[in-house]
Amino acid sequence: MSAKFARISLVILMVTHFCLAAWFAMITPYRTGGILQTQGDGKGGRQHVSDVGAPDERQHANYIRHLLTKNSLPILKPGSPDLGEEYQSHQPPLYYSVAKIVAEATGKTDVETSEFGRTIRLLNCFIGTIGVAGVFFAGLWGSKREEIGTLAASVASLLPMNVALSGAISNDPLLFTFMSWSVAFLLKAWTTTDDPDQATSALQKCAFLVGFALCTKTSALIVLIPHILVALWFLLNSVGLPTDTPRQMTLRKVHVAFLAILPILLVVRFWLRNQNLYGDPLAQKVFREAFPGSAQKSLMISIIEAGPGAGSSEVQYWINWIGYWTARSFIGVFGYMDIWFNESGNPYGKSPDLLYKAIILFNFLGLGGGVLWLRKNWNENKRLGAITLGLIGLTLALFVMFNNTYFQAQARYLFPALSAFATLMAIGWVHVFRKWQIALALVVIIFGGFTVYAGTQLPGEFAKRIQTESPSP
């Protein structure tokens, strides 16, 4: 693939992602209560919710409202009567501060109005579009191949779940964008061995982006670890030119050492605030205290044990409830994990799940092919492999740790590593199908087709859930 074709393709993919995300933003209800169709209330009826649209969007918007009205950061208070409306209050402030600025600049400051919702959703559409470019350069700089960058960007652009996330009010799109670009510059730094100045410049950009990611969401810690490790590698190896004097080499190493800790310096003020308020710089302790009644692994295990299934309940939990649910939501499950595009319209029962299973197979074909290719060509691509596989491994480890306590089988928790997943899948597809043209066509048809199909069906699905009358007491 020529560089010119790759750049043109990137522009098309970015525009496409923005348009698709904006479409989803317009058809998804905003702050509209209703009744979930696939989730019970524990009393034999269906669950009533204050918002049937994008998960946690209402609470993210409330964080922005707090900044707009009180000009200060909110505080998470376990046991508070309004906890259901404020449970995102422990989040780092960067995304919400940007949203506040946009709201004030456009005059859309009333969080309850649909105009505010559209404005901030469109902000996220733009942010998600920048993230598509980050995934492209992660694939390109990591593999040195234009077709890998283009294929990776097509995944980020057209993946239905990523489109839906970009079209909702949340700090996730900004996190994914910072993560994708930080991985891109990290790969560029570590794979640029013939130009120390260029490598150090890329590491510097990575340091700032990792810091901004930490100021957006704490889960960015997963990219902080490889950033520090790569910086340490630079320190232990030559980071300068053969002509450098000892003083120049020392200054270069001091610079790299500073870059290793720069992300922490950018977020340390917020961490100190959390330590003062909650006794925990990452605010994880107060988060656990605030949600003792949320869906727990122990509850799911008891449901499995009471059901008709055979075999170990622990195995069923991880394979059927966590593994299979997450694999489907990686593709696209909408609303509050309530809108499923399968034969039964829900995650339970004996639905064949033919559409989901076909796309899951396609995804694993890419992932498996990518891993096998890296194994076969490890010596020439060990740095690409170390970053992509390392980031995926750290993300999965964090996901498993979280689901060992809570039941949250949502693939959006894996999307901080979207650039690594997309790059690996792109490599796999190219080598499975032999021609990048075939791989690109399949990605466009499969992911793009599912996204368009979902967009045509979502208005009717949301209409089924919108509450038209007050629930009975």
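The values are calculated or read from the model by the stated rules, or taken from the named source; none is laboratory data. In this text the structure is predicted, and so the values were computed from the model without any measurement. Cβ coordinates were reconstructed from backbone atoms using ideal geometry, including for glycine residues, and neighbour counts include every protein chain displayed. The area values use the complete protein model at the heavy-atom level, side chains included, leaving out ligands, DNA and RNA. Shrake-Rupley method; radii C 1.70, N 1.55, O 1.52, S 1.80 Å.
Laid out as a table, the results:
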{"item": "In nm, spacing of pseudo-spin labels at Gln47 and Thr106 (7 Å Cα→C-beta vector)", "result": "3.0"}
{"item": "Among Ile120, Ile222, Gly134 - extreme Cα towards positive end, dipole of the range 117-239, charges at beta-carbon", "result": "Ile120"}
{"item": "The range 336-454: relative contact order as a whole-number percent, Cα under 8 Å and 6+ apart", "result": "31"}
{"item": "Mean Cβ count within 10 Å, highest first, over the residues of peptides 15-27, 227-239", "result": "15-27, 227-239"}
{"item": "Extension gain from His255 to Ile12, taking 0.36 nm per residue of separation minus the Cα-Cα distance", "result": "83.7 nm"}
{"item": "Average projected area [Cα convex hull, the chain], square nanometres", "result": "24.4"}
{"item": "Computed over the range 213-303: relative contact order in percent, which uses C-alpha pairs under 8 Å that are six or more apart", "result": "23"}
{"item": "Amide H within-cut-off set for Gln39, under 5 Å, with H built and near neighbours excluded", "result": "Gln47"}
{"item": "Computed over the chain: relative contact order in percent, which uses C-alpha pairs under 8 Å that are six or more apart", "result": "21"}
{"item": "Kyte-Doolittle mean at least -1.0, axial Cα span of 15 Å or more - DSSP H helices of the chain", "result": "3-27, 94-106, 114-143, 146-158, 172-191, 196-214, 221-236, 246-278, 354-376, 378-403, 418-433, 449-465"}
{"item": "Assigned charges on the beta-carbon of Lys, Arg, Asp, Glu; the range 79-227 dipole about Cα centre (debye)", "result": "280"}
{"item": "Estimated 222 nm signal from helices in the chain, with DSSP H stretches of n ≥ 4 weighted -39500 (n - 2.57), rounded to 500", "result": "-22000 deg cm²/dmol"}
{"item": "Tensor-based shape of the range 228-361 (alpha-carbon gyration tensor, a/c under 1.5 rounded, otherwise prolate or oblate)", "result": "prolate"}
{"item": "Å² of accessible area per residue within the chain, as computed with a 1.4 Å probe and no ligands counted", "result": "43"}
{"item": "Listed pairs Lys205/Lys253; Lys297/Lys357; Lys205/Lys285; Lys4/Lys205; Lys188/Lys435 exceeding 20 Å between Cα atoms", "result": "Lys297/Lys357; Lys205/Lys285; Lys4/Lys205; Lys188/Lys435"}
{"item": "GluC sites (Glu not before Pro) restricted to DSSP loop in the range 91-196 with at most 14 other C-beta within 10 Å", "result": "Glu112"}
{"item": "The chain - charge dipole about Cα centre, Lys and Arg +1 at Cβ, Asp and Glu -1, debye rounded to 20", "result": "900"}
{"item": "Spin-label pair Ile319/Leu389, simplified geometry with 7 Å Cα→Cβ offset, distance in nm", "result": "2.5"}
{"item": "Among Leu94, Pro74, Ile148 - extreme Cα towards positive end, dipole of the range 53-175, charges at beta-carbon", "result": "Ile148"}
